[in-house]
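All remarks here apply to the structure that follows.
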Amino acid sequence: MPSPSFAKTTHCAGLGELFTAIAPFITQSSDNSLGALSAKLDRPAGTLKSDISRLRARCQNLIREQIATTLEDPSPANIDAELKELIGYR
């Protein structure tokens, strides 16, 4: 789930309702139906898919930025290695 500061930034940008609605789809583990959400928000499903994709990409970038601040050498390879270590991927 995105950080509270990311949520606050999104709300400040006037996207609070959209962020709240699509946040459960970030991890692809939502029990919600994209079709139902599309109808509820009166937003085309294709547009929602794009919104979710952009939100995922933004969250991934924020995570990488946070990890970079913890590394002595924040090269892309070291960030990738740290991510693998954090998620237990071997």
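A short reminder: the numbers here are calculations on the coordinates, not readings from a lab. Source: prediction; values computed, not measured.
Under Stokes-Einstein, with the Kirkwood radius over Cα pairs as Rh, the value for segment 14-90 at 25 °C and 0.890 mPa s is 172 µm²/s. In sequence order, segment 53-64 has phi-based couplings of 4, 5, 5, 4, 4, 5, 5, 4, 5, 5, 5, 4 Hz under the Karplus curve 6.51 cos²θ - 1.76 cosθ + 1.60, θ = phi - 60°, and Gly or Pro positions carry x.
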